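Structure first, commentary second.
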Amino acid sequence: MFDNQNKPKGIKRIYLATLNSLRAFQWLYKHESAFRQEALLLVLAIPVSFLFDISFKEQIVLILAVLFIIFTEIINTAIEAVVDRIGLEIHPLSGLAKDLGSAAVMISLIVASSVWLIILI
């Protein structure tokens, strides 16, 4: 069993988790060009969403659609990191895991594009 007595609790746990997340965002921005592109898309999507005559709820949905792409990219990168950690040799299951992560990103792009089209057309 795990020893949970020595793990931080409460606000300290939240603070440490936040530091871990910020470190992950820094790493992603430095090493993953797809993440940088999607972060730029988010930065552009926010002001662009104000240009349309849509409700606040629709604006939020547009922004969340782009955040969904970023979320999926982070999961994809995590899968790639774990596969690479296990071994760099070519293995069909390693390739499959990476391809499935990539497919998830593609689906998130389709979903986000569809949401933008549905709301704006």
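Throughout, read-outs are computed from the coordinates displayed, never taken from laboratory work. On a predicted model such as this, the values are computed, not experimentally measured, just so you know. All Cβ positions, even for glycine, are placed from backbone atoms using ideal geometry, and neighbour counts span all protein chains on display.
The alpha carbon centroids of the stretch 39-54 and the stretch 60-110 are separated by 24 Å. Projecting the Cα atoms of Ala81, Leu19, Pro92 onto the charge dipole of the chain, computed from C-beta unit charges around the Cα centre, puts Leu19 farthest toward the positive end. Placing +1 on each Lys and Arg Cβ and -1 on each Asp and Glu Cβ, with no other charges, gives the stretch 1-97 a dipole about its Cα centre of roughly 580 debye. Taking a sphere under 14 Å around the Cβ of Ile119 and counting the other residues whose Cβ falls inside, with K and R at +1 and D and E at -1, yields a net charge of -1. Computed from label points 7 Å out along Cα-Cβ, the spacing between Ser33 and Lys98 is 1.5 nm.
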